[in-house]
Amino acid sequence: MIRIVVVDDHPMFRTGLIQAVTVDGDISAVGEGGSAAEAVELVAALRPDVLLLDAQMSDDGLERIPDIVLAHPETRIVVVTASEDENDIARAVEAGVYGYVLKGTTGSDMRSIVRQVNKGESVIPKDMFGRLMGMLKAKSAALGGGSEAKLSKQETQVLQLLARGLSNREIGGRLDITERTVKFHLSNIFSKLHVRNRVEASIVARRMWPGLEG
């Protein structure tokens with residue numbers, strides 16, 4: 001069972017989203033709230049697998065994301081918003097969210113997104129993905145055509161598995177290395193690619209090796 005918390009300052013939307021996401025029975029809403037402050041409290045108290053968070057509440061959901069990620073990295077955050085503003089998308093990704101989806105996404109797609117994020121995959125709509133790649137281009141300009149040469153063989157393997165949505169434990173099992181070693185490699189990868197988190201690293205990886213999602 002995937003445990004989720006839904007935070008949105010519009011009760012009717014919140015109720016509808018919960019109903020749409022939990023209809024198949026493998027996803028359970030263990031909490032809900034109407035403010036970013038409540039999101040922090042709910043995640044601390046309930047430790048959900050996934051937090052569905054509105055970014056445009058009066059107390060700015062985006063500002064609270066880094067605190068939640070730092071305190072509870074096991075909870076994967078998906079921003080559910082009406083905003084297509086590039087700065088909002090960039091802020092969310094840099095803060096460490098696993099997904100950024102628009103309100104109006106179908107119930108079946110939302111269920112799929114929750115399942116993907118729960119497995120450690122990043123979910124960014126295709127039209128936004130292209131914009132994010134452009135925004136990250138400056139940060140990863142040093143990659144150029146020789147991007148792969150900056151990474152060791154094992155770092156390359158770790159990055160490719162990360163981009164396919166594997167968790168640290170799964171990457172370690174696939175490569176026969178410890179989770180601690182995976183974390184060490186990820187730290188080096190983030191530094192070399194000039195990225196802050198797994199989602200940004202995945203975006204850069206897909207730019208380096210198109211078709212990695214499969």
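Just so you know, all these numbers are worked out from the coordinates, no wet-lab data involved. Only a predicted model underlies this, so the values are computations on that prediction, with no experimental measurement involved. Cβ: placed from backbone, ideal geometry, glycine included. Neighbour counts: every protein chain shown.
Using the alpha-carbon atoms, what tilt in degrees (0 to 90, nearest 10) does helix 61-71 show relative to the longest principal axis of the chain? Long axis of 61-71 versus the principal axis of the chain: about 60 degrees. Helix 153-163 and the longest principal axis of the C-alpha atoms of the chain enclose an angle of approximately 20°. Counting Lys and Arg as +1 and Asp and Glu as -1 over every other residue whose Cβ lies under 14 Å from the Cβ of residue 41, the net charge comes to -2. Taking every DSSP helix (H) stretch of at least 4 residues in the chain, weighting each as -39,500 (n - 2.57) and dividing the sum by the residue count yields a mean residue ellipticity at 222 nm of -16000 deg cm²/dmol.
The overall shape of the chain, judged from the alpha-carbon gyration tensor, is prolate: a/c is not under 1.5, and a/b is greater than b/c. Ranked for footprinting exposure by Cβ neighbours inside 10 Å, fewest first, 175, 186 give 175, 186.
Rounded, prolate or oblate for the range 19-70? Axes are the square roots of the Cα gyration tensor eigenvalues, ordered a ≥ b ≥ c, and the cut-off for rounded is a/c under 1.5.
prolate
Angle of helix 86-95 to the longest C-alpha principal axis of the chain, folded into 0 to 90 degrees and rounded to 10: 80°.
Most tightly packed first, judged by the mean number of other beta-carbon atoms within 10 Å of their residues, the peptides 67-78, 3-14 read 3-14, 67-78.
Karplus-derived 3J(HN,Hα) values for the range 109-123, using 6.51 cos²θ - 1.76 cosθ + 1.60 with θ = phi - 60°, are 5, 5, 4, 4, 5, 4, 5, 5, 5, 4, 7, x, 7, 8, 10 Hz; glycine and proline are entered as x.
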